[in-house]
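Asks: Let me begin by handing over the structure; questions about it come next.
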Protein chains: 2
Amino acid sequence: MAGSVLVRQARLPGRPAAEDVLVLDGRIAEPEATAPADIAVVDAEGLLLLPGFVDAHCHVDKTLWSGPWVPHAAGPRLVDRIANERARRTELGLPSATHAAALLAHMATLGTTRVRTHTDVDPATGLAGIEAVAKAAAAVAGLVDVEQVAFPQDGVIRRPGTLELLEEALAAGATTLGGIDPAGVDQDPVRQLDALFDLAARHGAGIDMHLHDTGTLGAWEMDLVAERTVGHGLQGKVTLSHADALGTVPDSERHRLLDVLAEAGINVVTAAVYNVPVPSVVELRDRGVTLACGSDGIRDLWGPYGNGDMLERAMHVAYRNGVRRDEDIALALDAATYGAARVLGLSSYGLEPGSVADLVLVPARTVAEAVVARPPRAVVVKNGDVIARDGRLV
Amino acid sequence: MAGSVLVRQARLPGRPAAEDVLVLDGRIAEPEATAPADIAVVDAEGLLLLPGFVDAHCHVDKTLWSGPWVPHAAGPRLVDRIANERARRTELGLPSATHAAALLAHMATLGTTRVRTHTDVDPATGLAGIEAVAKAAAAVAGLVDVEQVAFPQDGVIRRPGTLELLEEALAAGATTLGGIDPAGVDQDPVRQLDALFDLAARHGAGIDMHLHDTGTLGAWEMDLVAERTVGHGLQGKVTLSHADALGTVPDSERHRLLDVLAEAGINVVTAAVYNVPVPSVVELRDRGVTLACGSDGIRDLWGPYGNGDMLERAMHVAYRNGVRRDEDIALALDAATYGAARVLGLSSYGLEPGSVADLVLVPARTVAEAVVARPPRAVVVKNGDVIARDGRLV
């Protein structure tokens, strides 16, 4: 009976005792429902039950996962890494549906059941990345759901033809428009933003923009994004990934910016990468800004780090926040679950009756322990089916 | 034949092809030596061979490893955490030889073969920590070697009786004198430093001092430490743990401080904790300052993070450095191996003939991959004996 399972004696966050969780037809059943006699059973025996993890920001089209070790060779600046990738991706067979599918399947074994991935779209590669990722997504259907952002890594205005390709990508299956540092990379912030918001409004698409620009430059761009978000009625559908300016302006300016983002319904995604300041999970919660987290690049031409483990990513977010209390560490996992689900616009996400039954069981006494210890994933359930046990697909 | 093993077809960093490594009587044999017919054999089959990891800075007397989950409850400042620990350690059975031994054995399964641990010594706990760790060290003899630093966590000058206890700790088995923020915690930097250096000189002990003080205050204290290091002829025997000032002064002042440290033969230890700036592995190498790394606290009243994995710790150091090239990532592992061995004053450390045979085999194609992927430890050898396979003691 596909999509149905009885999880016996799992512990749910915030609940006093272990309980049975019934899944019918891919969703968590109402309390009054009864299990058919022949239903599949998972004995959780006190394991902690969490909703399937959501990776709100990765780049599976770039990954070399399952391939050879490729020593990093780019220069130190963002534009160096962009240029290095342009120069080497073809020689390395990128974008590769094979590598992308291998990584996505690995992520599924680690409990990630939904992914938003930013796929390069530019005049050189065209829609090859969109197509490769769509092929990979089809290969892992039933393990992990994949949403694509059409991502102009190399800029929009400075690379003529890109805007048209972004529109084609929306027709080819991408559901969200990307962007990148309208000032720092594209060197023409107003024209990039106007073009992207116009395209998004025409297609009813959301926007998820990389914004690495720091300090007053990045802060000024956030104001531009907020104006256009409200102007186009896109509240709740616009996301700033990285948002490095938040960590590089004075406290008073950061507070003002967070209020601007909250007012415009703009989400923030962090990957807690390298030495870049990480947004405060407590402050964003207090100011009403949705925070999600993601992996960013994994084993690619941008760097060799990353493994697709969202518990590890939540650990980085919590650790870099310097939070130590259980309830604050849990906010980091919220960024990899409920916050990320809001960014992806998922309905029916969570552990309540009616939710899509994407579930992870882990040996941890508390949510905080799950984050700091990142234990093996005992069982992963996708749409009500057990798809992995102890780190391996079943 | 205890202490002897033939490791077949291991890959050593920087060597072109796999080779056999012969260990006789606990040391790596000279090239001309031959293996006895009945020697134990490990088939490495292309696994990467690394020297046993050295954790240059931990606090096993504080750990709750193997115990219940204890939610963090201290206030946000360093002095809050010190006070919280004083208030709760007895209730929780700390210091505990049982918890310490459980953690040390776990560290051994992860390839750590040497540890320097800072053990609290103060008027309330007396030498109970020193004794508990000595008991734990005896319990893990043959798995991991443990060196104790007598650590005045709560200050020296502001806690009368501590200096005398530190001297007793040296007689009771501690080999190095600790210290903590002579200004920020002890509030009397000159008297603390004079007292510690006098004691160290009288006993021929080294000094390993926690220095969290930031900015100009911490920088000024570094100058005080350097003056006394040279004045007492302790070059090479003094270490600054954390050394947060290096990341919180202007570049020119940091360069001056590194030259001062190099001139005085003072080592730096980082644990890459939380959001604290991490010293640059490249810059310290270039300026001739030895950098080591360690775990700092693991699952204790200071916070729930940490797992004793030195490959993971090296990953944090490399990642927070923002280094991506293989040769730079390898410097982070150097901090957890050769750099840490220098801090501990170990002779005969490494993979050369004559070295003590503390070895780790990991499935990784390069040192950089070992750091970023932190693969399972296939085999751990201590003093020439196989002590762990695939994460379990044998």
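Asks: If you put +1 on each Lys and Arg Cβ and -1 on each Asp and Glu Cβ, how big is the dipole of the protein assembly as shown around its Cα centre, in Debye rounded to 20? Walk me through the intermediate numbers first.
Replies: Working: 70 positive and 104 negative charges, 151 e Å.
About 720 debye.
Asks: Mind pulling the angle between the C-alpha long axis of helix A:162-171 and the longest principal axis of chain A? Nearest 10 degrees, somewhere in 0 to 90.
Replies: Approximately 30 degrees, to the nearest 10.
Asks: Summing Lys, Arg as +1 and Asp, Glu as -1, what charge do residues with Cβ under 9 Å from the Cβ of residue B:179 carry, residue B:179 excluded? Can you show the working numbers first?
Replies: Values: positive: none; negative: B:181, B:186, B:208.
Net of charged neighbours comes to -3.
Asks: What gaps in nm, shortest first, separate residue A:68 from its twins in the other copies when you place the label 7 Å past Cα toward the beta carbon?
Replies: Here the equivalent label points are 5.6 nm apart from this one.
Asks: 5 Å is the cut-off here: which amide hydrogens, built 1.01 Å from N in the peptide plane, fall below it relative to residue A:292, excluding neighbours closer than 5 in sequence?
Replies: Result for residue A:292 returns A:268, A:269, A:270.
Asks: Test of understanding: ordering A:385, B:309, A:286 by Cβ neighbours within 10 Å, fewest first, what list do you get?
Replies: Working: A:385 19, B:309 22, A:286 10.
By the 10 Å Cβ count, ascending: A:286, A:385, B:309.
Asks: Kindly put A:293, A:58 in sequence by how many other C-beta atoms sit within 10 Å of each C-beta, fewest to most. Can you show the working numbers first?
Replies: Working: A:293 33, A:58 28.
If I rank by nearby Cβ atoms, fewest first, I get A:58, A:293.
Asks: Express the relative contact order of the range A:270-364 as a whole percentage, based on alpha carbon pairs under 8 Å and six or more residues apart in sequence.
Replies: Values: 103 pairs, mean separation 25.0, N = 95.
So the answer I get is 26 percent.
Asks: Sorting A:149, B:367 on the 10 Å Cβ count, fewest up front, what's the list?
Replies: B:367, A:149
Asks: What list of ³J(HN,Hα) values in whole Hz, one per residue of the range B:232-247 in order, does the Karplus curve 6.51 cos²θ - 1.76 cosθ + 1.60 (θ = phi - 60°) give from phi, with Gly and Pro shown as x?
Replies: With the stated coefficients, the range B:232-247 comes to 9, x, 9, 3, x, 10, 10, 10, 9, 8, 6, 6, 4, 4, 4, x Hz.
Asks: When only Cα pairs under 8 Å and 6 or more residues apart are kept, what is the percent relative contact order across chain B? Each step should come with its number before you reach the end.
Replies: Details: 912 pairs, mean separation 81.6, N = 394.
Dividing the mean separation by the residue count of chain B yields 21 percent.
Asks: Suppose R0 equals 25 Å; then what is the FRET efficiency for residue B:230 and residue B:164 from their Cβ-Cβ distance, rounded to the nearest 0.05? Don't skip to the end; give the middle numbers.
Replies: Working: r = 27 Å, r/R0 = 1.08.
About 0.40, to the nearest 0.05.
Asks: List the residues of the range B:133-159 whose backbone N lies under 16 Å from a point placed 7 Å from the Cα of residue B:187 along the Cα-to-Cβ direction.
Replies: Under 16 Å, as judged by backbone N against the label point of residue B:187, lie B:154-159 of the range B:133-159.
Asks: If you don't mind, another one. Between copies, how close do the residue B:1 label points come, placed 7 Å along Cα→Cβ, listed in nm from shortest?
Replies: 6.4
Asks: Would you mind giving the mean number of other chain beta-carbons within 10 Å of the Cβ of each residue in B:74-83, as a whole number?
Replies: Numbers: counts 2, 0, 4, 0, 0, 0, 0, 1, 0, 0.
The shielding value for this peptide is 1.
Asks: Contour minus end-to-end for residue B:256 and residue B:35, with contour as 0.36 nm per residue of separation and end-to-end as the Cα-Cα distance? Mind dumping the intermediate values first?
Replies: Working: separation 221, 0.36 × 221 = 79.56 nm, distance 5.17 nm.
Result for the pair: 74.4 nm of gain on full extension.
Asks: May I pose another question? Taking amide H positions as placed in the peptide plane 1.01 Å from N, state which residues far from residue A:175 in sequence (5 or more) or on other chains have amide H under 5 Å from it.
Replies: A:148, A:150
Asks: Label point 7 Å out from residue A:274 along Cα-to-Cβ: which residues of the range B:229-267 have amide N under 19 Å?
Replies: B:247-248, B:251
Asks: Just to verify a number: FRET efficiency for residue A:98 and residue A:194, C-beta to C-beta distance, R0 = 35 Å, to 0.05?
Replies: Values: r = 38 Å, r/R0 = 1.09.
Given R0 = 35 Å and the Cβ-Cβ separation, E is 0.35.
Asks: Less than 16 Å from a label point 7 Å out along the Cα-to-Cβ axis of residue A:223: which backbone N atoms in the range A:181-202 qualify, by residue?
Replies: Zone members listed by number: A:183, A:189-190.
Asks: Right, something else. Distances in nm, one decimal, shortest first, from residue A:20 to the same residue in every other copy, taking the label point 7 angstrom along Cα→Cβ.
Replies: For residue A:20, the inter-copy label distances come out at 6.2 nm.
Asks: Next up: How shielded is A:318-329 by partner chains, expressed as the average number of their Cβ atoms within 10 Å of its Cβ atoms? Walk me through the numbers before you get to the answer.
Replies: Working: counts 3, 8, 3, 2, 6, 4, 12, 7, 6, 2, 1, 5.
Counting other chains' Cβ atoms within 10 Å and averaging over A:318-329 gives 5.
Asks: Within a 10 angstrom radius of each residue's Cβ in B:352-365, how many Cβ atoms of other chains show up on average? Whole number is fine. Spell out each step's value before the answer.
Replies: Working: counts 0, 0, 0, 0, 0, 0, 0, 0, 0, 0, 0, 0, 1, 2.
So the per-residue partner count for this stretch is 0.
Asks: Work out how much length residue A:352 to residue A:327 would gain on full extension: take 0.36 nm times their residue separation and subtract the Cα-Cα distance, in nm to one decimal. Spell out each step's value before the answer.
Replies: Numbers: separation 25, 0.36 × 25 = 9.00 nm, distance 2.02 nm.
Taking 0.36 nm per residue and subtracting the Cα distance, the gain is 7.0 nm.
Asks: Would you grab the residues whose amide H sits under 5 Å from the one on residue A:239? Only those 5+ places off in sequence or on another chain, please, with H modelled 1.01 Å from N.
Replies: Distant-sequence amide H within range of residue A:239: A:207, A:208, A:209, A:267.
Asks: Which distance in nm do the two modelled labels at residue B:201 and residue A:287 give, with both placed 7 Å along the Cα-to-Cβ direction?
Replies: 5.3
Asks: Right, here's the next one. Can you tally the net charge around residue A:369? Count Lys and Arg as +1, Asp and Glu as -1, for every other residue whose Cβ sits under 11 Å from the Cβ of residue A:369.
Replies: On the way: positive: A:365, A:374, B:299; negative: A:326.
Result for the neighbourhood of residue A:369: +2.
Asks: Next up: Please give the FRET efficiency for residue A:263 paired with residue B:86, using the beta carbon to beta carbon distance and R0 = 51 Å, rounded to the nearest 0.05. Mind dumping the intermediate values first?
Replies: Details: r = 45 Å, r/R0 = 0.89.
Plugging the Cβ-Cβ distance into 1/(1 + (r/R0)^6) gives 0.65.
Asks: Provide Rg over Rh for the range B:53-343; use the alpha carbon set for both Rg and the Kirkwood Rh (inverse mean inverse pair distance).
Replies: Expressed as Rg/Rh, it is 0.93.
Asks: What do you get for the angle between helix B:97-109 and the principal long axis of chain B? Use alpha-carbon atoms, 0 to 90 degrees, nearest ten.
Replies: Between helix and principal axis, roughly 40 degrees.
Asks: Still on this structure: Going by Cα centres, the range B:1-72 and the range A:146-179 are how many Å apart?
Replies: Using only Cα atoms, the two centres lie 50 Å from each other.
Asks: Here is a follow-up. Relative to the compact-globule scaling 2.2 N^0.38 Å, provide the ratio for the alpha-carbon radius of gyration of the protein assembly as shown. Walk me through the numbers before you get to the answer.
Replies: Values: Rg = 27.1 Å, N = 788, 2.2 N^0.38 = 27.7 Å.
Computed over Cα atoms of the protein assembly as shown, the ratio equals 0.98.
Asks: Quick check: the distance between the Cα centres of the range A:208-283 and the range A:294-354, to the nearest angstrom?
Replies: So the separation of the two Cα centres works out to 18 Å.
Asks: So what's the angle, to the nearest 10 degrees on a 0 to 90 scale, between helix B:251-264 and the longest Cα principal axis of chain B?
Replies: With both axes taken from Cα atoms, the answer is about 70 degrees.
Bear in mind these aren't lab numbers, they're just calculated from the coordinates by the rules spelled out. Everything numeric in this text was worked out from a predicted model, so none of it was measured. Glycine also receives a Cβ, built like all others from the backbone with ideal geometry; neighbour counts cover every protein chain displayed.
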